[in-house]
1. Leaving out ligands, DNA and RNA, what percent of the accessible area of the chain is carbon and sulfur, probe 1.4 Å?
2. Going by Cα centres, segment 185-202 and segment 214-238 are how many Å apart?
3. How many nm is it between the label spots at Asp258 and Glu120, if each spot is 7 Å from the Cα in line with the beta carbon?
4. Taking the alpha-carbon centroid of each part, what is the distance from segment 14-74 to segment 121-138 in angstrom?
5. Let me make sure I get this right: for the chain, a, b and c are the square roots of the gyration tensor eigenvalues over alpha carbons, sorted descending. Under 1.5 in a/c it's rounded, otherwise prolate if a/b > b/c, else oblate. Which is it?
6. Suppose only helical runs count, i.e. DSSP H with n ≥ 4. What mean residue ellipticity at 222 nm does that imply for the chain under -39500 (n - 2.57) per run, divided by all residues and rounded to the nearest 500 deg cm²/dmol?
7. Would you mind getting the accessible area per residue of segment 1-88, heavy atoms of the protein chains only, 1.4 Å probe, in Å²?
8. Can you classify segment 120-245 as rounded, prolate or oblate using the Cα gyration tensor, where a ≥ b ≥ c are the square roots of its eigenvalues, rounded means a/c under 1.5, and otherwise it's prolate if a/b beats b/c and oblate if not?
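The values are calculated or read from the model by the stated rules, or taken from the named source; none is laboratory data. All values reported here derive from a predicted model rather than from experimental measurement. Cβ placement follows ideal geometry from the backbone for every residue including glycine, while neighbour counts extend to all protein chains displayed. Keep in mind that these areas ignore ligands, DNA and RNA; they rest on the heavy atoms of the full protein, side chains included. Shrake-Rupley method; radii C 1.70, N 1.55, O 1.52, S 1.80 Å.
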Amino acid sequence: MLVNAKEMLDKAKAGHYAVGHFNINNLEWTKSILLTAEEEKSPVILGVSEGAGKYMAGFLVVAEMVKAMDKSLGITVPVALHLDHGTYDGCKKCVEAGFTSIMFDGSSLPIDENIEKTKELVELAHKMGMSIEAEVGAIGGEEDGVIGMGECADPDECKRIADLGIDFLAAGIGNIHGVYPENWKGLQFDVLAKIQEKVGAMPLVLHGGTGIPDDMIKKAIDLGVSKINVNTECQLVFAAATREYIEAGKDKAGKGFDPRKLLAPGAEAIKAKVKEKIELFGSNGKA
Ligand code: 13P
């Protein structure tokens, strides 16, 4: 069932677990994630970046595919279709296309402009029954000469954005997208605690879920993180499983070149990864 993400994240917050946001890239990705969420009886968020939306021929195609697949597969768990790191224009397109949730990423804008645009999109999203995530600009990071260590948001700016009536907030606590560098210092739990104190009951979002050690994930959930975004890790296991299939020469045996066979190990690898994350985040059995 397609729903917005507010209720599932408010419940996650109250229940001290997190809902997984898994990025989708194509039909196989979507099917693997939906089937696993159903098996795990877990709510789930399908994240779509603007690039992935374009790759899949547009947000309308994505929305129609997800709705039809949800129905055809008989999915009963709550599923949110969410724009990931949306621009102002991208958010408007997803509202029209029939997404159930959007993220406006104004983090690269000056805070006043981020606030102004977020406020406008909050009104639009809520009028349409959609949920909305916002992101606060980061401090530190590259400007401090520290590259790739992840940046931390300013708790006061977090409060200003949270007060606009958004449904959940992405705030940097040393997390980064992709694989973490060897010398990464880890999540900054003191910053997370300060942000949570400022924004009250607002569910917090942890981006860059790939490669964060399990104990840090658990501590982040304890401190108020209710949505965890995972993208690269599914891509890595998909690529590794596909490589193994081809390197074993399986595409050359019989009809092993059939895409339904060729893409099957990757799809199974995504299912296994999503199951592992859902159980780590504690959202299994919560649908
Ligand atoms: P990773 O690719 O590091 O898992 O990050 C995903 C993400 O945060 C999407 O918004």
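1. 54 percent
2. When both Cα centres are located, 16 Å separates them.
3. Result: 5.2 nm between the two label points.
4. 19 Å
5. Because a/c hits 1.5 or more and a/b exceeds b/c, the chain counts as prolate.
6. About -14500 deg cm²/dmol.
7. 39 Å²
8. Oblate.
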